[in-house]
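Peer 1: Before I ask anything, here is the structure I am working with.
The values are calculated or read from the model by the stated rules, or taken from the named source; none is laboratory data. Just so you know, these numbers come straight off a predicted model, no measurement behind them. Cβ placement follows ideal geometry from the backbone for every residue including glycine, while neighbour counts extend to all protein chains displayed. For accessibility, only protein heavy atoms count, side chains too; no ligands or nucleic acids. Shrake-Rupley method; radii C 1.70, N 1.55, O 1.52, S 1.80 Å.
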2 protein chains.
Amino acid sequence: MTSSVGLERVLEPVGVLPQAAWRLDADPSIREDEVRVRVERLNLDAASYRQLSEKHSGDGDAIRAEVLEIVGTRGKMHNPVTGSGGMLIGVVDEVGPRSPLGVKVGDRVATLVSLTLTPLRITDGLSSWDGRSEQVPASGSAILFGRSIVGVLPDDLAPSLALAVYDVCGAPALTDRIVRQYDQPTVAVLGGAGKSGSLALAAARMAGARTVGIVRDEGEAASLRAAGIADAVAIADARNPVEVAAAVGEPATITVVCVDVPGCEHGAILATAPGGTVVFFSMATSFPAAALGAEGLAADVTMLIGNGYVPGHADFAVDLLRRVPAVRSLFEARLARD
Amino acid sequence: MTSSVGLERVLEPVGVLPQAAWRLDADPSIREDEVRVRVERLNLDAASYRQLSEKHSGDGDAIRAEVLEIVGTRGKMHNPVTGSGGMLIGVVDEVGPRSPLGVKVGDRVATLVSLTLTPLRITDGLSSWDGRSEQVPASGSAILFGRSIVGVLPDDLAPSLALAVYDVCGAPALTDRIVRQYDQPTVAVLGGAGKSGSLALAAARMAGARTVGIVRDEGEAASLRAAGIADAVAIADARNPVEVAAAVGEPATITVVCVDVPGCEHGAILATAPGGTVVFFSMATSFPAAALGAEGLAADVTMLIGNGYVPGHADFAVDLLRRVPAVRSLFEARLARD
């Protein structure tokens with residue numbers, strides 16, 4: 001196991017796992033159980049891109065320069081402020097003789113593990129990227145360890161669409177699992193018109209739940225209503241607990257947080273019924289705010305850290321996209337805007 | 001509901017809950033549903049005290065000055081670095097006519113909600129505290145909202161002991177609940193010789209689990225072995241994932257993290273079997289490190305944010321202390337050392 005999780009790629013501090021490392025060795029030469037991918041596109045995590053964009057007031061050149069500096073310094077695209085990364089798409093370049101991943105040279109794949117633990121080298125200075133979008137055309141090389149997750153891209157989805165779906169595919173799979181633990185639950189999704197949010201709503205409804213989508217403005221409300229995946233749609237500032245609780249109405253059995261801004265913990269807790277579950281998928285979630293918030297509200301709710309890995313999650317999400325065309329449309333509209 | 005969670009005590013930013021607020025109004029005059037407590041002692045959260053102590057290299061005067069500054073500035077003892085607080089003990093001074101808490105003037109109580117949301121005024125400059133311990137003798141006033149949790153102190157426990165137990169009483173109650181969801185589970189507790197850790201081990205064993213205590217050195221191992229609440233005891237650095245997994249051995253069904261240092265997420269995940277549960281009780285837990293770490297390890301584990309509130313948690317913990325004298329001895333030894 002030791003080598004298969006990438007311990008040998010950790011330069012500092014030695015002994016931690018690649019995700020926790022400050023700096024990785026991104027050397028393109030592979031070990032026996034590794035795979036090298038020729039990078040075509042990065043998909044930055046929403047919280048990470050938002051932080052970079054706000055820091056640089058949307059200045060694309062400055063954002064690009066900082067991404068290059070992070071990757072150059074750390075050997076991975078690991079935003080030191082948000083702690084988050086994203087994913088990438090590329091073509092398999094070389095497969096070590098002992099790789100268990102089941103891919104072959106020439107496969108176009110998406111990595112389903114975070115960029116925060118993926119050794120990455122950029123060779124084109126990101127010259128094809130204007131710095132104004134989470135989707136980053138890029139040339140370079142990335143390394144996958146033995147214990148990793150990778151998805152071969154489906155033929156019927158554009159690569160950028162597949163990447164966007166894979167990036168959030170843990171959300172619908174985990175939502176499905178939690179919904180099936182309750183009898184006739186109501187599921188509220190904060191950020192229901194977004195990528196992970198719309199997939200979570202669709203998954204909840206497929207699993208038999210009543211669904212409530214909370215969105216930030218009338219434009220999102222209209223597109224979510226048109227998608228028909230929420231039984232109710234309401235507008236609230238997800239950072240305002242009282243507003244969120246009022247928008248959800250009768251407390252939800254399950255509340256899923258898909259809003260990538262800090263400060264959504266308390267609204268989610270207030271909006272959830274005793275005995276219910278809150279699933280936090282936003283990387284902007286604060287652990288102490290959630291733990292102390294629930295305590296401070298005397299709220300008997302189960303709070304889950306949204307694990308990005310559920311077995312079969314990628315196929316589950318792609319299947320959902322195929323079965324619910326309205327969700328596919330939401331994704332495509334969002335990609336067109338980005 | 002609006003006033004009972006303390007919204008009217010929030011000075012900035014307006015509209016958030018007291019825990020999320022930067023600054024609270026600690027005016028000792030109470031509203032109709034509030035309770036005022038005459039403070040006798042604060043119990044700082046372990047992560048908070050450790051941060052303050054390390055920042056000031058153990059200089060008691062400097063630690064005391066910073067605690068006074070935090071309380072003076074924020075109107076609550078809310079460590080801005082760790083985001084955590086602690087609890088307090090005192091005597092009920094005045095009860096608003098509409099308070100639902102069921103306490104009366106003169107009751108000696110412990111607050112079971114965090115200091116991070118408790119309006120607090122210190123009036124003695126903490127002159128009886130040397131700054132060298134988490135237990136802080138103090139004079140002043142604190143406010144409890146309508147929706148709050150408070151425990152009247154048991155007669156058979158010293159107040160400092162009761163406070164230390166109440167501070168971590170969510171851990172045994174939640175551990176008990178999770179253990180009962182599995183058939184014959186093994187429970188590993190990182191930090192098994194500490195306060196929350198020893199209660200979690202005792203609760204797990206009472207609920208029928210096999211228990212493994214992970215501790216940091218031979219001294220802790222000896223005291224945990226003597227307590228007899230762990231079927232196995234092993235030494236590991238909780239921040240070293242490979243060491244933790246080796247110490248736990250056969251992966252645990254449930255892993256409970258009670259070590260108040262950053263960087264314990266990956267070891268806990270690696271040490272847990274597929275389908276298992278990791279419960280994070282340390283306020284030093286990083287949400288992104290946990291979420292991305294599980295994904296990066298392709299680990300199908302449920303990860304819980306340790307909710308400090310479970311109905312009946314205070315009585316459950318006190319009962320455990322009475323039934324397992326060895327746990328009481330561990331607590332008393334720890335208090336004597338502090």
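Peer 1: Against the condition under 23 Å from the mean Cα position of the chain (by Cα), more than 24 Å from residue A:191 (Cβ to Cβ) and touching a residue at least 24 places away in the same chain (Cβ under 8 Å), how does residue A:68 come out, does it pass? Let's see the steps before the verdict.
Peer 2: On the way: under 23 Å from the mean Cα position of the chain (by Cα): yes; more than 24 Å from residue A:191 (Cβ to Cβ): yes; touching a residue at least 24 places away in the same chain (Cβ under 8 Å): yes.
So residue A:68 passes the test.
Peer 1: Also: Could you tell me whether any residue of the stretch B:10-24 is within 14 Å of chain A (Cβ to nearest Cβ), open to solvent by less than 30 Å² (accessible area, probe 1.4 Å) and among the polar types (S, T, N, Q)?
Peer 2: Looking for residues that are within 14 Å of chain A (Cβ to nearest Cβ), open to solvent by less than 30 Å² (accessible area, probe 1.4 Å) and among the polar types (S, T, N, Q), one finds at least one in the stretch B:10-24, hence yes.
Peer 1: Then there is this: Look at the stretch B:84-103 and say how many of its residues are in a loop (DSSP other than H, G, I, E, B) and under 22 Å from residue B:161 (Cα atoms).
Peer 2: Here the count works out to 3.
Peer 1: Counting only residues that are open to solvent by 20 Å² or more (accessible area, probe 1.4 Å) and in contact with a Cys (Cβ under 9 Å, 6 or more places away or on another chain), how many does the stretch A:210-251 have?
Peer 2: So the answer is 1.
Peer 1: Run residue B:266 past the list (1) more than 14 Å from chain A (Cβ to nearest Cβ); (2) crowded, with 24+ Cβ neighbours inside 10 Å and report the number of the one that doesn't hold.
Peer 2: Residue B:266 satisfies all of (1) more than 14 Å from chain A (Cβ to nearest Cβ); (2) crowded, with 24+ Cβ neighbours inside 10 Å except (1).
Peer 1: Report, ordered by the first and then the second residue, all pairs with beta carbons closer than 9 Å, sequence separation of six or more or different chains, a first member in the stretch B:146-163 that is within 14 Å of chain A (Cβ to nearest Cβ), and a second member that is surrounded by fewer than 20 Cβ atoms within 10 Å (Cβ to Cβ) and charged (D, E, K, R).
Peer 2: What qualifies is B:146/B:31; B:146/B:32; B:146/B:98; B:150/B:107; B:151/B:315.
Peer 1: Among the residues of the stretch A:289-337, write down those that are touching a strand residue (DSSP E or B) at 6+ places or on another chain (Cβ under 6 Å) and open to solvent by 20 Å² or more (accessible area, probe 1.4 Å).
Peer 2: A:300, A:302
Peer 1: Separate question: Could you tell me which of the residues A:203, A:207, A:171 is touching a helix residue (DSSP H, G or I) at 6+ places or on another chain (Cβ under 6 Å) and within 19 Å of residue A:260 (Cα to Cα)? So that I can check it myself, show each step before the final result.
Peer 2: Working: A:203 fails: within 19 Å of residue A:260 (Cα to Cα); A:207 fails: within 19 Å of residue A:260 (Cα to Cα).
None of the other options fit; the residue is A:171.
Peer 1: Report the residue count in the stretch A:81-100 for those that are under 18 Å from residue A:282 (Cβ atoms) and not hydrophobic (A, V, I, L, M, F, W, C).
Peer 2: Adding up the residues that qualify gives 5.
Peer 1: Tell me, which helices (runs of 4 or more DSSP H) wholly within the stretch A:281-338 include 1 or more residues that are among the hydrophobic types (A, V, I, L, M, F, W, C) and away from every other protein chain (no Cβ under 14 Å)? Give the derivation first.
Peer 2: Working: elements: A:287-296, A:313-323, A:325-337.
Ranges flagged: A:313-323, A:325-337.
Peer 1: Something else now. Suppose we filter the stretch B:29-71 for residues that are part of a loop (DSSP other than H, G, I, E, B) and surrounded by fewer than 16 Cβ atoms within 10 Å (Cβ to Cβ); how many remain? Quick ask: steps written out before the conclusion?
Peer 2: Looking only at the stretch B:29-71, we keep the residues that are part of a loop (DSSP other than H, G, I, E, B), and these are B:29-34, B:45, B:56-59.
When the remaining residues are screened for being surrounded by fewer than 16 Cβ atoms within 10 Å (Cβ to Cβ), the result is B:29, B:32, B:57-59.
Of the residues in the stretch B:29-71, 5 are part of a loop (DSSP other than H, G, I, E, B) and surrounded by fewer than 16 Cβ atoms within 10 Å (Cβ to Cβ).
Peer 1: Working only within the stretch A:206-229, note down all residues that are of a type in the set (D, E, K, R) and touching a strand residue (DSSP E or B) at 6+ places or on another chain (Cβ under 6 Å). Walk me through it before giving the result.
Peer 2: Here is the first cut: in the stretch A:206-229, the residues of a type in the set (D, E, K, R) are A:210, A:216-218, A:220, A:225.
Matches in the stretch A:206-229: A:210, A:225.
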